[in-house]
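One structure is given here, and the rest of the page talks about it.
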Amino acid sequence: MTSQDSGRALLRHHGDVDAAPGLVDFAVNVRMPAPPAWLRHRLAAVLDGLGSYPSAAADRAAREAVAARHGRRPDEVLILAGAAEGFALLPSLHPSLAAVVHPSFTEPEVALRDAGVPVHRVHLSASDGYRLRPALVPDDADLVVVGNPTNPTSVLHPAEVVASLSRPGRIVVVDEAFADTVPGEPESLAGRGDLPGLLVLRSLTKTWGLAGLRAGYVLGAPELLAKLALHRPQWPVSSFVLEAVTACCEPSAVAEAQALAVECQEHTRHAVAALGDLVVVPPDAPFVLLRVPDGERVRASLRDKGIAVRRGDTFPGLTRDHLRVAVRAPEEFALLVDALRVVLEER
């Protein structure tokens with residue numbers, strides 16, 4: 001394997017690889033092990049219609065639900081097979097130079113590099129809490145990708161700082177996969193239809209336990225969405241995805257997600273208190289970035305004790321001493337804290 005192949009393999013490493021069957025999973029940032037009963041019932045009702053292709057009417061209903069949620073128009077919504085599909089579509093925008101803010105989710109960089117797009121890594125620093133610094137983005141970058149809140153640092157950037165990246169001739173892609181895990185979504189740009197070149201990607205995976213379904217959407221100007229979708233196949237998302245998006249954007253579901261976010265925020269505070277000075281930066285989302293001595297040994301030892309955590313060195317800018325852990329309810333999170341204490345004492 002060449003060094004280039006090895007680097008690509010690291011970028012394509014995700015938490016599901018760390019979370020092998022039989023392990024207590026703190027590696028994957030999906031809150032629920034399965035969708036709630038009401039959502040399962042909605043999805044089950046789709047089964048009787050699987051003899052038909054996904055309909056334009058169902059797609060319209062999904063886009064209308066998303067638009068109503070975010071105060072946008074239906075033609076400003078594109079339904080996706082997971083937010084990750086949106087990253088895979090970025091080369092269709094034909095950027096001449098992409099700037100990817102790191103540490104962050106790595107799939108955008110993979111997609112762009114595989115398509116031959118030059119990529120400039122904008123490295124944020126732990127010394128100032130991984131604060132977004134727009135001045136670090138090259139002036140000639142015509143596509144910028146940033147996460148908010150950012151995976152894996154769990155930092156939430158001020159909306160106006162992210163918005164300041166926008167300028168004529170530039171596309172700004174904001175990965176808001178975890179936005180609905182923050183109570184009130186205070187820094188979301190999902191409702192901003194006034195910023196030229198803005199694309200906001202959202203996921204249903206994290207809150208609703210839908211990782212296996214692959215459901216999400218992107219918000220942006222209709223002409224920009226048309227370019228993004230140019231090479232998609234016919235019927236790019238299933239009837240299940242269209243129903244899931246519709247259901248999860250209805251007011252009752254949005255209210256439930258808000259309540260879950262408030263509960264999760266309390267769980268995150270508990271996790272931070274339990275982890276102490278291992279926490280790199282105060283988290284805004286329900287996952288925490290840690291720095292531990294001899295991190296690779298710690299991760300392996302935790303695995304031997306039946307606990308999975310996400311390795312951090314596959315994120316550009318992080319090291320083998322970085323680990324990402326998903327927040328769980330306090331009684332479950334205590335399993336990780338106790339095991340981590342034992343492993344660190346073994347050193």
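The values are calculated or read from the model by the stated rules, or taken from the named source; none is laboratory data. These numbers were taken from a predicted model, which means no experiment stands behind them. Please note: Cβ atoms are built from the backbone with ideal geometry, for glycine as well, and neighbour counts cover all protein chains shown. All accessible areas refer to the heavy atoms of the entire protein, side chains included, with ligands and DNA or RNA removed. Shrake-Rupley method; radii C 1.70, N 1.55, O 1.52, S 1.80 Å.
Scoring residue 140 on the criteria (1) within 24 Å of residue 92 (Cα to Cα); (2) outside any loop (DSSP other than H, G, I, E, B) leaves a single failure, condition (2). Can you name the residue in the range 287-312 that is part of a loop (DSSP other than H, G, I, E, B) and either open to solvent by less than 10 Å² (accessible area, probe 1.4 Å) or touching a helix residue (DSSP H, G or I) at 6+ places or on another chain (Cβ under 7 Å) (or both) and is also nearest to residue 206 (Cα to Cα) among such residues? Within the range 287-312, the match that is nearest to residue 206 (Cα to Cα) is 312. Identification of helices (runs of 4 or more DSSP H) wholly contained in the range 153-264 with 1 or more residues that are closer than 17 Å to residue 72 by Cα and open to solvent by 40 Å² or more (accessible area, probe 1.4 Å) yields 222-228. The residue that is farthest from residue 265 (Cα to Cα), counting only those in the range 318-341 that are assigned to a loop (DSSP other than H, G, I, E, B) and in contact (Cβ under 8 Å) with a residue 40 or more places away in the chain, is 318. Selection of first residues in the range 185-196 that are under 15 Å from residue 68 (Cα atoms) and in contact (Cβ under 8 Å) with a residue 40 or more places away in the chain and of second residues that are basic (Lys, Arg) and part of a loop (DSSP other than H, G, I, E, B), restricted to Cβ pairs under 8 Å at least 6 apart or on distinct chains, gives the following pairs, ordered by first then second residue: 190/72; 191/72; 193/72; 193/73. In summary, residue 315 fulfils each of the numbered conditions (1) open to solvent by less than 40 Å² (accessible area, probe 1.4 Å); (2) part of a helix (DSSP H, G or I); (3) over 27 Å from residue 262 (Cα atoms); (4) not polar (S, T, N, Q) with the single exception of condition (2).
Would you call residue 284 within 30 Å of residue 38 (Cβ to Cβ), of a type in the set (D, E, K, R) and either open to solvent by less than 50 Å² (accessible area, probe 1.4 Å) or assigned to a loop (DSSP other than H, G, I, E, B) (or both)? In short, yes.
Going through (1) over 18 Å from the mean Cα position of the chain (by Cα); (2) outside any helix (DSSP H, G or I); (3) surrounded by fewer than 17 Cβ atoms within 10 Å (Cβ to Cβ) one by one, residue 60 falls short only on (2). Counting residues in the range 165-176 that are at pLDDT 95 or above, within 30 Å of residue 54 (Cβ to Cβ) and in contact with a His (Cβ under 7 Å, 6 or more places away or on another chain) gives zero.
Report yes if residue 256 is farther than 19 Å from residue 31 by Cα and of a type in the set (D, E, K, R), otherwise no. When the stated conditions are applied, residue 256 does not pass them.
The residue that is farthest from residue 266 (Cα to Cα), among those in the range 28-47 that are outside any helix (DSSP H, G or I), open to solvent by 40 Å² or more (accessible area, probe 1.4 Å) and touching a helix residue (DSSP H, G or I) at 6+ places or on another chain (Cβ under 9 Å), is 45. Taking first residues from the range 115-138 that are open to solvent by 30 Å² or more (accessible area, probe 1.4 Å) and partners that are of a type in the set (Ser, Thr, Tyr), the Cβ contacts under 7 Å between residues at least 6 apart in sequence or on separate chains come to 134/164.
Every test in (1) in a helix (DSSP H, G or I); (2) open to solvent by less than 10 Å² (accessible area, probe 1.4 Å) is passed by residue 344 save one, and that test is (2). Looking across 221, 247, 211, one residue alone is more than 15 Å from the chain's Cα centre (by Cα) and within 25 Å of residue 105 (Cα to Cα). It is 221.
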